Each structure stands twice: as structure tokens, then as C-alpha cells.
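See structure below.
Every read-out reported here was derived from the displayed coordinates using simple, explicitly stated rules and does not represent laboratory data. Since we're looking at a predicted model, the values are computed, not measured. So basically every Cβ, Gly included, is an ideal-geometry build from the backbone, and we count neighbours across all protein chains shown.
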Amino acid sequence: MSENLINDLLDLAKLDNNRFSFTKDYFDLPATIYQAFDMVLNAANDQKISLKAEIDNKQHLDLFQRILGD
């Protein structure tokens, strides 16, 4: 997780200096969403906030396991 934070900070620095570029690569969108929710959930739990996520039609997630983007 700290590696992601460092990369995000480096990206922000590049953006501030107008040197930001996109790198296309394939990624698993459902896994990315679950990871993002886990991060938010951990922060919420620290603040004693209860969160719940519901996904309708989970079988459709298979369609988004190989997405090209940055």
C-alpha cells in the first residue's frame, strides 16, 4: 500500500510540473474496486463508521476482469 501512495505522490508532482503521462495497461476492474473499498472500509472502521457494499449481478463482473486503462 505504501508503494501505491508513493506512486500517487510522484504522479501528483508530475501533474504539477505538466509532465504527467498516461500508461495504458490491462487491469482487473473488480479487484481494483474491492481494494479501494477495503481501504475506505479500514479508514471508516478506525472512525467507528459502518459501511456496507452491495453488488447486483455479480456474474457481470467477469466481463470487466481485463480492462485497458491507466
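For region 6-70, what class follows from the C-alpha gyration tensor (a ≥ b ≥ c being the square roots of its eigenvalues): rounded when a/c is under 1.5, otherwise prolate if a/b is larger than b/c, else oblate? It comes out oblate by the Cα gyration axes.
Listed by chain and number, the aspartates and glutamates placed with their C-alpha closer than 17 angstrom to that of Lys48 are Asp38; residues fewer than eight positions away on the same chain are left out.
Annotation: lysines with alpha-carbon distance below 27 angstrom to Lys14 (same-chain offsets under eight excluded): Lys24. The gain in end-to-end length when the Asp56 to Asp70 segment is fully stretched comes to 2.5 nm, 0.36 nm per residue minus the alpha carbon separation. Taking the Cα centre of the chain as origin and assigning +1 to Lys and Arg Cβ atoms and -1 to Asp and Glu Cβ atoms, the resulting dipole is close to 60 debye.
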